[in-house]
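Notes follow once the structure below has been shown.
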Amino acid sequence: MRRANAARYRVLGVCIRRCRYPIDGRASMSHTADASADDFVNPVSPIGPDSPPAGGPGALALVGCTVVDGAGSPPLRQGVIVVEAGRITALGPAGSVRIPDAARILRCDGQTALPGLIDSHTHIDRDVPAVLGVLLKDGVTSVGNTGCGPDMVPQLHRAGAHPAAARVFTSGPALTAPGGYPGTRGDGTVARGVTSATEAEAAVDELVALGADFIKLAQEPFDFNFRSPGHLPVLGPGPVAAAARRAKAHGLPVRSHVHNVTQLDIALDAGVTSVEHMLFPLPPEADYHELYRDGALGTAALPDLCRRLHRMVESGVYLVPTIGNELINIRDGLPDFPEDGLRAIEELMVTVLSQYLEAGGRVALGSDWVGRPGVPAGMPRQELRYLLAAGMTPLQVVEASTRNAALLCGQGRTLGVLEPGRCADLIVVDGDPLRPDAALDGIRARTVVKDGQLVSLTDAGSPAPLRHPVPADPPR
Ligand SMILES: [Zn+2]
């Protein structure tokens, strides 16, 4: 049962408005609504299910912890997790699991084991080894890179394979219309323009050959220059549908950058796996100063919102809200916009997420981290806070941050859930992070295991020091 978390949304100053669209009971958080999505397995993944285990031979047993498996199961008290050769080989209540004689025993009494968190939407492409090192030590064992130049794909995979780095899964260049977003950024290699369904299919094939873990579509007519919004070209329904079809034929998730409701309809018609970012009005269709003056920064600014949210739920799509970064984009783009206007936009985004959840919608964690000054790399705690504020229970937030995020990275069978056979990427935290007053958004990993190996949380470990990243063009 989902309801807005009163204590938290008071902190944010958010007032949740209910969706008046009739809830028909068909929608639910159940995984079965989109069972095929569980099957996303990247055939060229660096950690495909048939790939050899990457971890060393030493067995490790975590004993006495509460186990939260990431799949939404009730917590297992006094659990034991056995890890061998990089994989989880056994998991169950103490006394029911045989611990290999040579295993290193790690007592975790009073602590909770979770899958390593996965930030499924980032733009890590500078200071990569150092950033990945910081993330891993903070309990983020994998990230998704949602758009990079083709040359970066093998580089990111290599960097993420380092024992002291979080794993990286990436789309490579995002598919867009020629001259469309995000090709306006940097040297333009982060985007791949296509003009037709045939070209879109060919581009997907190329990306798969390049090693893409999922396909990213950019359906964005806005160039994030709030002073002069412009109208960038966008893909038509034909190429979007063709790209989605082809991606699924390859077994890859297809994730679409969408803010506006017209583009949302095209994405849902195409059957995308996820909608990235939050639905809220962006220029060129919206003028924030005008909406603010008219007191119209609310859900009424999004036509037919409830019907569209229910359509998202019925189609089994995942939403990756990235609310924190949306607000930074607006604050940076409109430095003279009044603070109460920003609060109204924040409230609007949390309200939309809350209504989507209440209708039965599924969420995956993604921060849209891009390395801005003042936004250090690490566990995306602010985004976790927004998920809680919108009414998700801590257990649901864990599922969004592990199982669901793994699925969107093309790792629906390998990562994100603690169960025998999966890669042993997990974290152990103090106490019970699922307690309503335990502040899941404040958790700190006391133990991190990647590929079955204990990660040192104290020594430098990372191959390079973290320079303060100063991106040339942050919003993406
Ligand atoms: Zn992004």
Query raised in the report: Within region 244-260, is even one residue without any contact (Cβ under 8 Å) to a residue 40 or more places away in the chain, among the aliphatic types (A, V, I, L, M), buried (at least 23 other Cβ atoms within 10 Å of the Cβ) and more than 16 Å from the ligand (Cβ to nearest atom)?
Result: yes
Report task. Tell me, please, whether a residue that is assigned to a loop (DSSP other than H, G, I, E, B) and more than 18 Å from Gly149 (Cα to Cα) can be found in region 197-219. Result -> no
Query raised in the report: For region 194-204, does any single residue satisfy the condition of being away from the ligand (no atom under 14 Å from the Cβ), farther than 27 Å from Ala400 by Cβ, without any contact (Cβ under 8 Å) to a residue 24 or more places away in the chain and not small (Gly, Ala, Ser)?
Result: no
Report task. Output the residues belonging to region 268-287 that are more than 16 Å from the ligand (Cβ to nearest atom) and not charged (D, E, K, R). Result -> Leu268, Ala270, Gly271, Pro281, Pro283, Pro284, Ala286
Report task. Search region 124-146 for residues being crowded, with 24+ Cβ neighbours inside 10 Å and within 15 Å of the ligand (Cβ to nearest atom), and hand back the single one that is farthest from Val455 (Cα to Cα). Result -> Thr146
Query - Selection from region 394-430 of residues that are assigned to a loop (DSSP other than H, G, I, E, B), within 27 Å of Val275 (Cβ to Cβ) and either in contact with a His (Cβ under 9 Å, 6 or more places away or on another chain) or among the aliphatic types (A, V, I, L, M) (or both) - result: Leu415, Val417
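The rows are residues; the columns are (1) within 16 Å of Glu276 (Cα to Cα); (2) assigned to a helix (DSSP H, G or I); (3) free of Cβ contacts under 8 Å to residues at least 40 places away in the same chain; (4) of a type in the set (Lys, Arg).
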| site | (1), (2), (3), (4) |
| --- | --- |
| Asp332 | no, yes, no, no |
| Phe337 | no, no, no, no |
| Leu357 | yes, yes, no, no |
| Val375 | no, no, no, no |
| Met392 | no, no, no, no |
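For Asp223, are the conditions met, namely being acidic (Asp, Glu), touching a residue at least 12 places away in the same chain (Cβ under 8 Å) and not in a helix (DSSP H, G or I)?
Here the answer is yes, as Asp223 does meet what is asked.
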Report summary line: All conditions in (1) out of contact with any strand residue (DSSP E or B) (no Cβ under 7 Å at 6 or more places or on another chain); (2) at positive phi are true of Thr322 except (1)
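Per-residue answers, yes or no, for (1) outside the structural domain of Asp430 (by TED's automatic domain parsing); (2) modelled with pLDDT of 95 or more; (3) more than 30 Å from Pro237 (Cα to Cα):
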residue	(1), (2), (3)
Ile105	no, yes, yes
His121	yes, yes, no
Gly133	yes, yes, yes
Val140	yes, yes, yes
Ala161	yes, yes, yes
Pro178	yes, yes, no
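In the set Gly238, Gly271, which member is free of Cβ contacts under 8 Å to residues at least 60 places away in the same chain, within 21 Å of the chain's Cα centre (by Cα) and surrounded by fewer than 19 Cβ atoms within 10 Å (Cβ to Cβ)?
Gly271
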Query raised in the report: Residues of region 75-107 being under 18 Å from Val429 (Cα atoms) and free of Cβ contacts under 8 Å to residues at least 40 places away in the same chain, which ones?
Result: Leu76, Arg77, Gln78, Gly79, Val80, Val82
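Residues checked against (1) surrounded by fewer than 16 Cβ atoms within 10 Å (Cβ to Cβ); (2) in the same structural domain as His123 (by TED's automatic domain parsing); (3) within 16 Å of the ligand (Cβ to nearest atom); (4) part of a helix (DSSP H, G or I):
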{"site": "His289", "(1), (2), (3), (4)": "yes, yes, no, yes"}
{"site": "His310", "(1), (2), (3), (4)": "no, yes, no, yes"}
{"site": "Gly324", "(1), (2), (3), (4)": "no, yes, yes, yes"}
{"site": "Leu353", "(1), (2), (3), (4)": "no, yes, no, yes"}
{"site": "Gly378", "(1), (2), (3), (4)": "no, yes, no, no"}
**Report entry** Inter-residue pairs, beta-carbon under 8 Å, first touching a residue at least 60 places away in the same chain (Cβ under 8 Å) and of a type in the set (S, T, N, Q) and in region 134-153, second within 16 Å of the ligand (Cβ to nearest atom) and assigned to a helix (DSSP H, G or I), 6+ apart
**Finding:** Ser142/Ala405
Requested in this report: Could you check Gln219 against (1) of a type in the set (S, T, N, Q); (2) in contact with a Ser or Thr (Cβ under 8 Å, 6 or more places away or on another chain); (3) away from the ligand (no atom under 16 Å from the Cβ) and say which number it fails?
Outcome: (3)
Report summary line: When restricted to Thr447, Thr458, the only residue polar (S, T, N, Q) and assigned to a loop (DSSP other than H, G, I, E, B) is Thr458
Query raised in the report: Does any residue of region 450-461 turn out to be at pLDDT 90 or above, aliphatic (A, V, I, L, M) and within 16 Å of the ligand (Cβ to nearest atom)?
Result: no
Query raised in the report: Name the residues in region 158-190 that are in contact with a Ser or Thr (Cβ under 6 Å, 6 or more places away or on another chain), surrounded by 24 or more Cβ atoms within 10 Å (Cβ to Cβ) and of a type in the set (A, V, I, L, M), would you?
Result: Ala166
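The values are calculated or read from the model by the stated rules, or taken from the named source; none is laboratory data. Remember, predicted model here, so these are calculated numbers, not experimental data. Cβ: placed from backbone, ideal geometry, glycine included. Neighbour counts: every protein chain shown.
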